[in-house]
Amino acid sequence: MKVRRADFGPTSLAPLCHRLQRLGLSLSSFVENMKINFAPLETPLHRRLQTAAVVQWVFSFIGLAPTCVFLFFYLLFTRFWLISVLYSVWWFFDYDTPSRGGRRAPFLCGLKIWEYMRDYFPVKLVKTADLDPKHNYIMGFHPHGVLVAGAFTNFCVYATGFRQLFPGLTSYMLMLPLWFRCPFFRDYVMCAGLIPSHKESATYPLFKRGGNAVVIAVGGAPEALDAHPGTYNVLLANKKGFIKMAMEHGAHLVPVFSFGENEVFDQVKNQRGTWLRWIQERLQSIMGISLPLFHGRGIFQYSFGLMPYRRPINTVVGRPIRVERKEKPTVEELDALHQLYMDELSNLFDEHKGNYGVDKDTHLNFV
């Protein structure tokens, strides 16, 4: 077959070039319609390190526990089965450690990675009064938010200066007991000072003479379902267990409000009374954990994903409320202290909201 030069000339290539051009336009239109806002290639290294730090934290919160459970059982069916067997023996003897103050690892809490995580948002811890280390404290953290980013950064790791602001105090943050039943994962979270949220564990640090602060996200998992940007709903109206615990042990109460905690994620609308909210509440009552349908940004783009937005979180620690020890408080005494705590939390919010962009006419809504 004789090939002519014209077969490879500009005329024969024109249809191909036209199709490639149309394909390029189609891809551009698709990206534009999707409104994908990609991160610039020249992003500074320190910002990429901040993103990487938050990626590992989000994975730890969402995916590490099931990964550890899978790994534990997978190893049993491989030549490395002895690892799971030896860990099971260790777990048997170490089972009560989470309920006895856990096992914090100061070296891990002080790693540089947590400073990168702090600077990603950024997160700041604000002190309003001294806390005498001769006493024990119960810190009520509000609101829970979706992933409790402010509480973890301020009270679990050493990134925001808790030890310098409140010298002599050791913080213990409560976490759902479910996570301490996950092999390997339980040891990881204990390294950050996390302990189970059941009564035996929560009260263990309070039996010591002083210098301990138990941090409780009072609204718990149900409050995460109300974590929408611009909302200030606090699940507290009927939460009196931590008040009673404070009275029984003579631990002073400290209200804490974290401005910006609800702003770092968007969440699918799930107002009370909707079918979605009904399903979420049912699942929460069965499993003990809530499943908010949240979303934020991605790793390499800003349009969608499970990464939190870069929005500031300012955690304000209020003045301590003095509590006298009373092993069997009456209902009236319990209600009075509960009301005082809500008043102090409201005052804390109103005093500082102007500093963090909250409208002066906005007030806390106790649910």
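The values are calculated or read from the model by the stated rules, or taken from the named source; none is laboratory data. Since the model is a prediction, treat every value here as computed from it, not as a measurement. Positions of Cβ are generated from backbone atoms using ideal geometry, with glycine treated the same way; all protein chains shown enter the neighbour counts. With ligands, DNA and RNA removed, areas are computed over all heavy atoms of the protein, side chains included. Shrake-Rupley method; radii C 1.70, N 1.55, O 1.52, S 1.80 Å.
Does residue 353 count as closer than 24 Å to residue 129 by Cα and modelled with pLDDT under 95? So residue 353 does not fit the description; no.
Look at residue 225 and say whether it is under 22 Å from the mean Cα position of the chain (by Cα) and without any contact (Cβ under 8 Å) to a residue 24 or more places away in the chain. No.
Quick grid of which residues meet (1) β-branched (Val, Ile, Thr); (2) over 30 Å from residue 115 (Cβ atoms); (3) modelled with pLDDT under 95; (4) surrounded by fewer than 12 Cβ atoms within 10 Å (Cβ to Cβ):
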site	(1), (2), (3), (4)
2	no, yes, yes, yes
11	yes, yes, yes, yes
18	no, yes, yes, yes
26	no, yes, yes, yes
33	no, yes, yes, yes
48	no, no, no, no
67	yes, no, no, no
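For the stretch 261-283, the criterion of a residue being touching a Ser or Thr at 6+ places or on another chain (Cβ under 9 Å), crowded, with 23+ Cβ neighbours inside 10 Å and touching a residue at least 24 places away in the same chain (Cβ under 8 Å) is satisfied by at least one position. Does residue 258 satisfy the condition of being under 26 Å from residue 157 (Cβ atoms), of a type in the set (S, T, N, Q) and open to solvent by 20 Å² or more (accessible area, probe 1.4 Å)? Judged against the criteria, residue 258 is not a match. On the stretch given as the stretch 287-314, residues that are under 23 Å from residue 241 (Cα atoms) and of a type in the set (S, T, N, Q) total 1. The stretch 155-258 holds strands (runs of 3 or more DSSP E) entirely within its bounds, and those carrying 3 or more residues that are at pLDDT 95 or above and β-branched (Val, Ile, Thr) map to 212-217. Considered as a group, the residues in the stretch 142-201 that are within 23 Å of residue 111 (Cβ to Cβ) and without any contact (Cβ under 8 Å) to a residue 40 or more places away in the chain include one that is nearest to the chain's Cα centre (by Cα), and that residue is 175. Does residue 358 satisfy the condition of being part of a loop (DSSP other than H, G, I, E, B), out of contact with any helix residue (DSSP H, G or I) (no Cβ under 7 Å at 6 or more places or on another chain), touching a residue at least 60 places away in the same chain (Cβ under 8 Å) and among the β-branched types (Val, Ile, Thr)? Spelling it out, residue 358 is indeed part of a loop (DSSP other than H, G, I, E, B), out of contact with any helix residue (DSSP H, G or I) (no Cβ under 7 Å at 6 or more places or on another chain), touching a residue at least 60 places away in the same chain (Cβ under 8 Å) and among the β-branched types (Val, Ile, Thr).
Residue 99 satisfies every condition listed in (1) part of a helix (DSSP H, G or I); (2) out of contact with any strand residue (DSSP E or B) (no Cβ under 7 Å at 6 or more places or on another chain) except (2).
Taking (1) free of Cβ contacts under 8 Å to residues at least 24 places away in the same chain; (2) open to solvent by 20 Å² or more (accessible area, probe 1.4 Å) in turn, residue 208 satisfies each apart from (1). Pairs are defined by a Cβ separation below 6 Å, a sequence spacing of at least 6 or placement on different chains, a first member in the stretch 76-87 that is under 14 Å from residue 184 (Cβ atoms), and a second member that is open to solvent by 60 Å² or more (accessible area, probe 1.4 Å) and assigned to a loop (DSSP other than H, G, I, E, B); the pairs so defined are 84/76. Screening the candidates 79, 104, 118 for the property of being at pLDDT 95 or above, closer than 19 Å to residue 151 by Cβ and part of a loop (DSSP other than H, G, I, E, B) yields one hit, 104.
Report yes if some residue within the stretch 97-116 is under 22 Å from residue 188 (Cβ atoms), touching a residue at least 60 places away in the same chain (Cβ under 8 Å) and open to solvent by 90 Å² or more (accessible area, probe 1.4 Å); otherwise report no. For the stretch 97-116, residues under 22 Å from residue 188 (Cβ atoms), touching a residue at least 60 places away in the same chain (Cβ under 8 Å) and open to solvent by 90 Å² or more (accessible area, probe 1.4 Å): present. Checking each residue in the stretch 279-301 for being touching a Gly at 6+ places or on another chain (Cβ under 9 Å) and of a type outside the set (Gly, Ala, Ser) picks out 295, 297, 299.
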